[in-house]
Amino acid sequence: VKTQVCIIGAGPSGLLLSQLLANAGIDTVVIDRRDRAYIEGRIRAGVLEQGTVTALEEAGVADRLHREGLPHEGFDLAFDGDRHRIDIKALTGKSVTVYGQTEVTKDLFDKRFEEGQVFYFDVPDAKPVDITSDRPKVAFTHDGAQIVVECDYIAGCDGFHGVSRQSIPADVLKTFERVYPFGWLGVMVERPPVSHELIYANHARGFALASMRSETRSRYYVQCDLSDDVDEWSDDRFWEELALRLGPDAASKLETGPSFEKSIAPLRSFVAEPMRHGNLFLAGDAAHIVPPTGAKGLNLAVADIRILSRALIAHFRDGDDHHIDTYSETVLRRVWKVERFSWQLSTLMHQFPENSPFEKRMQRAEFDFLSSSEAASRAIADNYVGLPLD
Ligand code: FAD
Ligand code: DHB
């Protein structure tokens, strides 16, 4: 099998890359360890930056997003019962869109299938080979057959646990990591959201987030222990804890119901450098993880793909390799800024078991400063709506 770009991973990164390249007449093959139904069912991110919406428009997959996505012009930060609204529209002129990652993935799959994209699903053993040669390959088994895809470039879009990053030699790859001492327990429920804007709350009992997927479907999270098991969290226990942390005002409007999804995710900051080795590129979660506070994970992946697709298009269409040669450096500069924001907002909004009374006062002082400073609020808003690409 021959192609121009072999994409490992059919998550949002891999799918968007194949769509943007297809629109430019560049041929790709996409390989995933799972199948379409499994990938579409993974409930993850929910807030899209304006730049992410633009990328989906450019890809030609934004019609339903424009019909069904909810534009948001602000969100609330709450701290021990006090609330501060970040008016992102007034502070930045921009807004964000609430539209689930499941829907983004569905829209991308629909279009890729409509256009006849070549996919290999349920591939257990994809392996990038000869990545420093000018004829790299991805070798794997599919339906019992041995397949080798020969290509010009490999795009490693296979998430944090993927094979692409691991195929970069240890003496080349540098990794940076911070693991947080807690997780997020997330619940999805078919009930209207408690508030028409998101609420991020730091309460003495821990962080809580009120989010949504539509006018009738809500997504809520509470900070939990890493050792917690979802089975220990009955719906009743979850609603009680959420109500306490959001405070009496929000709690009086909270509509509870039977959850239809409940899962625990650990929080991590992680960056791998460089994001290119030979003719293998890394993009999205394959190269970096942010803690979910601030909703940057999916948006950061899309920003990588915008830059990578431009670089590959310049190569194939114009024979210009400048953007390919500067990809890692360009992308990482932005990645680190987004890492900084996600780390800062996580640090402000959670209860850290190791925090001394001094550090707790620092969190409070930072919240008070934000509440009284338009400049500080704008800094949060600028990051929330998304930093520019260059
Ligand atoms: P992924 O979505 O991980 O896609 C990678 C794909 O590669 C998958 O389909 C996988 O099956 C495939 N793959 C993996 N290994 C291989 C292999 N060896 N061979 C072939 N294919 C392989 N972000 C937010 O902004 N807000 C959130 O609330 C949020 N919640 C999250 C909750 C969880 C549990 C997780 C894991 C992430 C969450 N994120 C969230 C982050 C966001 O979902 C990711 O940043 C986003 O999915 C990144 O997209 P991606 O395509 O780079 O990686
Ligand atoms: C959601 C997740 C986030 O991490 C966030 O900051 C906002 C919203 C969500 O799943 O809706």
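The residues of the stretch 7-36 that are near ligand 1 (Cβ under 6 Å from one of its atoms) and on the phi > 0 side of the Ramachandran plot amount to a single one, 9.
For the stretch 312-347, residues that are aliphatic (A, V, I, L, M) and in contact with a strand residue (DSSP E or B) (Cβ under 7 Å, 6 or more places away or on another chain) total 3.
Of all residues in the stretch 308-349, which are farther than 18 Å from residue 390 by Cβ, touching a residue at least 40 places away in the same chain (Cβ under 8 Å) and surrounded by fewer than 19 Cβ atoms within 10 Å (Cβ to Cβ)? Of everything in the stretch 308-349, those that are farther than 18 Å from residue 390 by Cβ, touching a residue at least 40 places away in the same chain (Cβ under 8 Å) and surrounded by fewer than 19 Cβ atoms within 10 Å (Cβ to Cβ) turn out to be 316, 317, 343. Restricting the stretch 78-135 to residues that are under 19 Å from residue 377 (Cβ atoms) and hydroxyl-bearing (Ser, Thr, Tyr) leaves a set whose member that is surrounded by the most Cβ atoms within 10 Å (Cβ to Cβ) is 92.
In this entry, residue 138 is excluded by the filter for residues that are closer than 30 Å to residue 236 by Cβ, of a type in the set (Val, Ile, Thr), crowded, with 20+ Cβ neighbours inside 10 Å and in contact (Cβ under 8 Å) with a residue 60 or more places away in the chain. The single condition among (1) modelled with pLDDT of 95 or more; (2) within 30 Å of residue 348 (Cα to Cα); (3) of a type outside the set (D, E, K, R) that residue 45 does not satisfy is (1). For the stretch 257-264, the criterion of a residue being at positive phi and within 9 Å of ligand 1 (Cβ to nearest atom) is satisfied by no position.
Residue count for the stretch 284-303 satisfying the condition of being at negative phi and touching a Phe, Trp or Tyr at 6+ places or on another chain (Cβ under 9 Å): 10.
Looking across 177, 197, one residue alone is within 22 Å of the chain's Cα centre (by Cα), farther than 24 Å from residue 47 by Cβ and either within 12 Å of ligand 2 (Cβ to nearest atom) or part of a strand (DSSP E or B) (or both). It is 177.
I need the full set of residues from the stretch 287-331 which are within 14 Å of ligand 2 (Cβ to nearest atom), part of a helix (DSSP H, G or I) and aliphatic (A, V, I, L, M), in order please. Let's see the steps before the verdict.
From the stretch 287-331, those within 14 Å of ligand 2 (Cβ to nearest atom) are 289-301; that's our starting set.
Of the ones still in play, those that are also part of a helix (DSSP H, G or I) are 297-301.
Across the stretch 287-331, the qualifying residues are 298, 300, 301.
When restricted to residues that are assigned to a loop (DSSP other than H, G, I, E, B) and either touching a Pro at 6+ places or on another chain (Cβ under 6 Å) or acidic (Asp, Glu) (or both), the stretch 224-270 contains 4. One residue stands out in the stretch 286-314 among those that are among the hydrophobic types (A, V, I, L, M, F, W, C) and closer than 13 Å to residue 155 by Cα: the one that is nearest to ligand 1 (Cβ to nearest atom), namely 301.
Do any residues in the stretch 178-196 that are over 23 Å from residue 232 (Cβ atoms) and small (Gly, Ala, Ser) have Cβ atoms under 8 Å from those of residues that are in a loop (DSSP other than H, G, I, E, B) and at pLDDT 95 or above, where the two are at least six apart or on different chains, and which pairs are they? Listed by first residue and then by second, the contacts come to 195/253. Counting the residues of the stretch 144-188 that are out of contact with any His (no Cβ under 9 Å at 6 or more places or on another chain), away from ligand 1 (no atom under 16 Å from the Cβ) and under 19 Å from residue 6 (Cβ atoms) gives 2.
Restricting the stretch 25-46 to residues that are in contact with a helix residue (DSSP H, G or I) (Cβ under 8 Å, 6 or more places away or on another chain) and among the aliphatic types (A, V, I, L, M), which is nearest to ligand 2 (Cβ to nearest atom)? Only one residue fits best here, namely 45.
The values are calculated or read from the model by the stated rules, or taken from the named source; none is laboratory data. These numbers were taken from a predicted model, which means no experiment stands behind them. Neighbour counts are summed over all protein chains in view; Cβ atoms, including those assigned to glycine, are modelled from backbone coordinates with ideal geometry.
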